[in-house]
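Reading through the structure tokens given below for one structure.
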Amino acid sequence: MKKRIFLLMIAVMSFVLVKAQPGPGGGDKKEKIEAIKIGYLTKQLELTTEEAKLFWPIYNQYDAEMEVIHKNRKTELMNAKINFEEMSDADLAKIIDSEFYSQQQELNIKKKYNEEFKKVLSVKKVAKFWVAEQKFKLYLLEQLKQQKENGMPPPKGPGPGGPH
């Protein structure tokens, strides 16, 4: 039972780790994803030039804080994945507790930046942001799945309407 729960946690977190992994050309893959994400979010939020000037610096801070948590999580989960069978129950319990702690940290960061976003965007646009961010993650997961199934690189970016 513990093994299944832990493996499920690893599977769920694999998406988080995809973003942090550079492609064969170094950081090119990450940079391309970030560029697509910026365009997608800007379009979905219908940001004006002034809103964009105020939003993106705050978003970049938010993203940097989330990235720290994701990197720490990646290290822990990779170690656990490699050494799972040899780990004691106490070690596994620590990893599970650490995972819950990471999730709580993420929630705290989201709450903090939700307030910051509301200082520069309407509540409606902030709500659109949280939805658009989730849709973009789903889009990336779908592209990764297609890439693995077909052995082909994913398309360059979301279509005209973005991911649905």
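The values are calculated or read from the model by the stated rules, or taken from the named source; none is laboratory data. Because the structure is a prediction, the values reported are computed rather than measured. Please note: Cβ atoms are built from the backbone with ideal geometry, for glycine as well, and neighbour counts cover all protein chains shown.
Residues that are outside any helix (DSSP H, G or I) and surrounded by 15 or more Cβ atoms within 10 Å (Cβ to Cβ) within region 73-106 comprise just one, Met87. Contact map, region 88-100: first residue at positive phi and of a type outside the set (Phe, Trp, Tyr), second residue surrounded by 10 or more Cβ atoms within 10 Å (Cβ to Cβ) and not in a helix (DSSP H, G or I), Cβ cut-off under 6 Å, separation 6 or more or different chains; the map is empty.
Assigned to a helix (DSSP H, G or I), of a type outside the set (Phe, Trp, Tyr), closer than 30 Å to Val123 by Cβ and at pLDDT below 95: is that true of Ile69 in this structure?
Yes.
Is it the case that some residue within region 135-151 is part of a loop (DSSP other than H, G, I, E, B) and modelled with pLDDT under 95? Checked against the condition, which is being part of a loop (DSSP other than H, G, I, E, B) and modelled with pLDDT under 95, region 135-151 yields at least one hit.
Of all residues in region 40-62, those satisfying the criterion of being at pLDDT 95 or above, within 18 Å of Lys30 (Cβ to Cβ) and surrounded by 15 or more Cβ atoms within 10 Å (Cβ to Cβ) are Trp56, Tyr59, Tyr62.
Kindly provide the set of residues from region 4-39 that are modelled with pLDDT of 90 or more and either of a type in the set (Val, Ile, Thr) or in contact with a Pro (Cβ under 6 Å, 6 or more places away or on another chain) (or both), ordered by number. Listed by number, the list holds a single entry, Ile38. Against the conditions (1) under 25 Å from Leu140 (Cβ atoms); (2) surrounded by 15 or more Cβ atoms within 10 Å (Cβ to Cβ); (3) not aromatic (Phe, Trp, Tyr), Val120 satisfies every one except (1).
Residues in region 98-154 that are over 19 Å from Leu47 (Cβ atoms) and not hydroxyl-bearing (Ser, Thr, Tyr): 29 in all.
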